[in-house]
Amino acid sequence: MKQHSTGTDKSPDDYSDIIDLPHHTSARHPRMNAEMRAAQFAPFAALTGYDEVIEETALQRLAEVMARDRMKE
């Protein structure tokens, strides 16, 4: 792995200078509960219709296999 020159002997993957810092908590914005946070992402579907296409393809392949098996009999 190529080392970046940072002016110190530390690896670029060494987080020892920040690892023990306290987690920031905003005084202006209260923490959102887990349910509300999850709700922000629930409506998102990057591949709308993907499940239906997969199911349709599976049914088509099943029908082809069954037709092929009937021809063998």
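Each value in this text was obtained by applying a stated rule to the coordinates, not by laboratory testing. Please read all numbers here as calculations on a predicted model, not as lab measurements. We place every Cβ from the backbone using ideal geometry, glycine too, and count neighbours over all the protein chains shown.
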Ordering of 55-66, 20-31 by packing [mean C-beta count within 10 Å, highest first]: 55-66, 20-31
P(r) tail fraction, the chain - alpha-carbon pairs more than 15 Å apart, %: 79 percent
Per DSSP, loop chymotrypsin sites (Phe, Trp or Tyr not before Pro) in region 11-47 with at most 15 further Cβ within 10 Å: TYR15, PHE44
FRET efficiency, 1/(1 + (r/R0)^6) with R0 35 Å, evaluated for TYR15 and THR48 via beta carbons: 0.35
